[in-house]
Amino acid sequence: MYPEKFSNKFTRKKLKPSQKRALNQKIYAESQWHIDKDCNAVCAKKCTGYSDSEKIICHECYTLKCDPILAHRLTIPKPASKNLKFTPKFYFENNSLKKYLQNQDLIEIWSIIKDNYDTNIWITLADKANKGAFKEKSVFTGLCEVIVQAAVRKDNNKGNKLRANNEDTLTNSNLSFENVAKFKRLIDTLNYRGPIVAMSDNTKLKPALHYNPVLGCIVGSTLLVEQTKINAYEDIQPIINDIKIKKAIAKDVRAYILQIPLPNFPPVVIALIANNRTDNKLIITSFHQKLLTQIALQLNLPILSIGSDGAIVEFKAQVAIQSYSTDERLTFKIINLGLISAAQFFQK
């Protein structure tokens, strides 16, 4: 069809709407199968939709298994995700989500959960429900479809992500005995008795408030967890207003990490302490002392060192810890180079 239009390469852009319809009809007339996007399957063109034999599919669809042309098409590699934007739009015409995403509320929800099932979706849903966004049956049906599609995407990616057990999830963002005890339990299951390294750093945050279902509170502020606990939906707005009045939205977060100093052992976060860029030498030193002299000693956790970046307050905290009085010290000297290094032994 239309050989005069395509001397080198075929493209639908050169066809008029009537010519496109004629081409589609010609293709359909000569086709042996079609793709049913609603049930995510390849069906025979003459599929009856039911089977009167012991087979779970109709005879017409069953014979497609031996079709060499279809077998060849299935062996063609799937396009990479980065090339998805080059896929012609008509392939998405039958996507069941397309008609639902005409609604602005559903577009907003889909944008939140399509790639990352953000816990804030439940707050957004509750807020829109109170405003009557889902009163119409068609909109509510679309909402259900969006949630299902997001869940399917999440399940399809499960095999590519490392997930923690529920009992090992960080349920307290402060530097606490319980968080370090979870790490100790982890290395005990590995029968590891060697040294541990600790790391600490203060990094910038994008100021924002979120609801965390694991902690059951609003996170992103410098207030204590007990002050931001959510027991009912009505608690959300007053707590957020209180955070704003107190100017307690966090700008930085101090992360504490423990790690086995061996290859292929990922670091484990034991604390995420929000702050308003108020970190100083005394605060950092108190965290280091609590970890070394209280928590680690009780758990018999041999921490070899505490690492940090070159920030001046971090360096001053390191110097303060080095000057901490202990009964024993280990000193290394290289006299010809004039180097002296000393380390303390923290014992019960």
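For segment 296-346, filtered to residues that are basic (Lys, Arg) and modelled with pLDDT of 75 or more, the residue that is surrounded by the most Cβ atoms within 10 Å (Cβ to Cβ) is Lys316.
When you look at Lys9, is it at pLDDT 75 or above, outside any helix (DSSP H, G or I) and under 19 Å from Cys61 (Cβ atoms), yes or no? Steps first, answer last, please.
Working: at pLDDT 75 or above: yes; outside any helix (DSSP H, G or I): yes; under 19 Å from Cys61 (Cβ atoms): no.
Judged against the criteria, Lys9 is not a match.
Here Ile230 clears all of (1) aliphatic (A, V, I, L, M); (2) over 14 Å from Ser176 (Cα atoms); (3) assigned by TED's automatic domain parsing to the domain that holds Lys182 except the condition numbered (3).
Within segment 177-200, does at least one residue satisfy the condition of being in a strand (DSSP E or B), under 25 Å from the mean Cα position of the chain (by Cα) and farther than 17 Å from Leu291 by Cα? No: zero hits. Across segment 242-257, the qualifying residues are those that are small (Gly, Ala, Ser) and touching a residue at least 40 places away in the same chain (Cβ under 8 Å), and the one among them that is surrounded by the fewest Cβ atoms within 10 Å (Cβ to Cβ) is Ala255.
Just one of the numbered conditions (1) under 22 Å from Ser308 (Cβ atoms); (2) buried (at least 16 other Cβ atoms within 10 Å of the Cβ); (3) within 22 Å of the chain's Cα centre (by Cα) is not true of Leu209: (1). Filtering segment 77-89 for residues that are among the aromatic types (Phe, Trp, Tyr), outside the structural domain of Ile109 (by TED's automatic domain parsing) and either under 30 Å from Cys144 (Cβ atoms) or at pLDDT 75 or above (or both) leaves an empty set.
Here Pro207 meets the list (1) in contact with a strand residue (DSSP E or B) (Cβ under 6 Å, 6 or more places away or on another chain); (2) assigned to a helix (DSSP H, G or I); (3) not small (Gly, Ala, Ser) almost entirely, failing just condition (2). Of all the numbered requirements in (1) at pLDDT 75 or above; (2) farther than 27 Å from Gln104 by Cβ, Ala164 misses one, and that requirement is (1).
Among the criteria (1) among the aliphatic types (A, V, I, L, M); (2) free of Cβ contacts under 8 Å to residues at least 40 places away in the same chain; (3) within 20 Å of Asn174 (Cα to Cα), the one Ile273 does not fulfil is (2). Here is the figure for segment 224-264: residues that are in a loop (DSSP other than H, G, I, E, B), more than 30 Å from Asn191 (Cβ to Cβ) and touching a Pro at 6+ places or on another chain (Cβ under 8 Å) total 2. Among the residues making up segment 267-294, those that are β-branched (Val, Ile, Thr), touching a strand residue (DSSP E or B) at 6+ places or on another chain (Cβ under 9 Å) and at pLDDT 85 or above are Val268, Val269, Ile270, Ile273, Ile283, Ile284. Of the residues screened, Ser53 is not one that is small (Gly, Ala, Ser), within 43 Å of the chain's Cα centre (by Cα) and either at pLDDT below 70 or surrounded by 10 or more Cβ atoms within 10 Å (Cβ to Cβ) (or both).
The values are calculated or read from the model by the stated rules, or taken from the named source; none is laboratory data. Note that this is a predicted model, so its numbers are computed, not measured. Neighbour counts are summed over all protein chains in view; Cβ atoms, including those assigned to glycine, are modelled from backbone coordinates with ideal geometry.
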